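The values are calculated or read from the model by the stated rules, or taken from the named source; none is laboratory data. All values reported here derive from a predicted model rather than from experimental measurement. Quick reminder, even Gly has a Cβ in these numbers, built from the backbone with ideal geometry, and neighbours come from all protein chains shown. The area values use the complete protein model at the heavy-atom level, side chains included, leaving out ligands, DNA and RNA. Shrake-Rupley method; radii C 1.70, N 1.55, O 1.52, S 1.80 Å.
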Amino acid sequence: MFLDTFVLLSSNADSGFLSSLNQRLNLGDIIATVVFFTLLMLLLKKFAWGPLMGIMDQRAEMIANEIEAAEQSRLDSQKLLEEQRALLKEAHANAQSIVENAKKQGEAQREELIQTTRAEVGRMKDNAALEIATEKEKAIAAVREEFVSLSIMAASKVLGKEVSEEDNRALIEETIVKAGEGR
Amino acid sequence: MEHENPELVLFGISFNPANIMMLFVTCLIVFIIAVLSTRRMQMKPTGMQNFMEWIMDFVKGIIKNNMDWKTGGRFHVLGITLIMFVFVANMLGLPFSIQWDHKLWWKSPTADPVIAMTLAATVVILTHYYGVKMLGIKGYFKTYIQPMPFLAPLKVIEEFANTLTLGLRLYGNIFAGEILIGLLATLAAGSFGGFIGAILPALAWQGFSIFIGAIQAFIFVMLTMVYMSHKVTTDH
């Protein structure tokens, strides 16, 4: 077809390019098609595709932002959670140590109390023993004195004469002590 | 069925007024659909906006199949317009065809070989334009000697074959569909029995034609992007 057209063109060169082409080809339709299509494309780009693409891009951007924000907030909450968890752990440990301390302190206090009591009791026992010993000593001395007097009285009765207490006391006391030791 | 095309000679150029009218109708319908569906646009799309966005994503998918979006993004508008235009054009001839004084006025514009071939040629010329624009003159001619220099003649032939097949495929499918619908309509109009007999095949064929029209629109855009990617990318 193309070749034919060119052959025809060369033979009919005088009658003009367009008229010779028109016998074979409706050039008008071609021009109209291209013009119509181009116009349609330009108009649609301005009135339909452009705005639509704009809003789609905008939406894509919004979605991307939203995703980013969601990711960010997820990270934030993760961090917060981690923090809270750490705090909780710390509080737990604190509580544990406080309880431990209290227990230890109580134990120490109890021990100390027992120690004090025991010491007190020991001291009181010692005191009592000392006192008893003193009293015993005193009583023995008293008894001994009484005994000396009685012995002298008895001896004076037996001898029938006055025995000087002052002269013989030392002797009697020595005897009593000896007797006490012998017992 | 016998008909001829109306003709009008203006400024020494011959026009087919029927073609012009049908092209205008096609453009009008596409424009109205597109503009109506992109009024009151919202972030959260509803109704027709969804439909338009689906078409956009569909064409985007076609382009992404053939080249990366950085290169192919510029053909998005072309692709959407093309698919809408060809689809609407394919549909126009389906419900009826109108003849006046044995001249065919209402038909699918794509059932005219001149229009189908013009669309195809426009697309192929655009691929060459973008090939030169994006790869440079040197890069453009380099595509002819790849992968093997001795294939260069085949590459040149391929360009013409591409144009021819792209246009004739569209034209042939739509024209054949309209011929068959016309025949069935003639049969139905002939007699009562013919009407009864023609109902079922006519329904079936109209449904099939809608399918064909959609498929052809898709194929046209698909091949456009395939040819485009051959010209604007170097890795093929």
**OP:** May I ask you to give the average projected area over all directions of the convex hull of the Cα atoms of the protein assembly as shown, in nm² rounded to one decimal?
**Re:** 56.8
Subject >> Three principal axis lengths of segment A:17-109 [C-alpha, angstrom, descending] >> reply: 126, 21, 12
**OP:** Determine the total buried accessible area between chain A and chain B, counting protein heavy atoms only with a 1.4 Å probe; round to the nearest 100 Å².
**Re:** 3200
Original post:
Which residue, chosen from A:Ile140, A:Ser77, B:Ser108, occupies the Cα position most advanced towards the positive end of the dipole of the protein assembly as shown, where the dipole is computed from +1 (Lys, Arg) and -1 (Asp, Glu) charges on Cβ about the Cα centre?
Top reply: B:Ser108
Original post:
In peptide B:28-37, how many Cβ atoms from other protein chains are near each Cβ within 10 Å, on average?
Top reply: 3
Subject >> Shielding by partners - mean other protein chain Cβ count within 10 Å, residues of B:53-60 >> reply: 2
**OP:** Under a cut-off of 26 Å between alpha-carbon atoms, report the lysines in cross-link reach of B:Lys133, not counting same-chain residues fewer than 8 places apart.
**Re:** A:Lys45, A:Lys46, B:Lys60, B:Lys64, B:Lys70, B:Lys142, B:Lys155, B:Lys231
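Starting from the coordinates of the alpha-carbon atoms of chain B, obtain the Kirkwood hydrodynamic radius over all distinct pairs and give the value in Å to one decimal.
That comes to 19.8 Å for chain B.
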**OP:** For segment B:157-169, take each phi angle, set θ = phi - 60°, evaluate the Karplus expression 6.51 cos²θ - 1.76 cosθ + 1.60, and give the result in whole Hz per residue in order, putting x for glycine and proline.
**Re:** 4, 4, 4, 5, 4, 4, 4, 5, 5, 4, x, 6, 4
Subject >> Magnitude of the charge dipole, segment B:8-232, Cβ model with Lys/Arg +1 and Asp/Glu -1, debye to 20 >> reply: 760
Original post:
Of all chymotrypsin sites (Phe, Trp or Tyr not before Pro) in segment B:12-105, which ones are in loop regions per DSSP and have a Cβ with at most 16 other Cβ atoms within 10 Å?
Top reply: B:Phe96
Original post:
For chain B, what is the relative contact order in percent, using Cα pairs closer than 8 Å and at least 6 residues apart in sequence?
Top reply: 25
Original post:
How crowded by other chains is B:15-25, given as the mean number of beta carbons from other chains within 10 Å of each beta carbon?
Top reply: 4
Original post:
Can you give the charge dipole size of the protein assembly as shown about its Cα centre, rounded to the nearest 20 debye, using +1 on the beta carbon of Lys and Arg and -1 on the beta carbon of Asp and Glu?
Top reply: 1720
Original post:
Tell me, what is a quarter of the convex hull surface for the C-alpha atoms of segment B:1-98, in nm² with one decimal?
Top reply: 9.9
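Could you grab the Rg to Rh ratio for segment A:112-160? Cα atoms only, Kirkwood for Rh.
Here the Rg-to-Rh quotient is 1.51.
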Subject >> Shape parameters for segment B:85-160, alpha-carbon atoms, Rg then Dmax in Å >> reply: 18.9, 57
Subject >> For segment B:134-149, 3J(HN,Hα) per residue [Karplus equation, 6.51 cos²θ - 1.76 cosθ + 1.60, θ = phi - 60°, Hz, x = Gly/Pro] >> reply: 9, 9, x, 4, 5, x, 4, 6, 5, 5, 6, 9, 10, x, 10, x
**OP:** Starting from 0 in steps of 5 Å, tell me what percent of the Cα-Cα pairs of segment A:86-183 lands in each bin.
**Re:** 3, 10, 10, 10, 7, 7, 5, 6, 5, 5, 4, 4, 4, 4, 4, 3, 3, 2, 2, 1, 1, 0
Subject >> About the Cα centre, charge dipole magnitude for segment B:97-212 (Lys/Arg +1, Asp/Glu -1 at Cβ), debye >> reply: 440
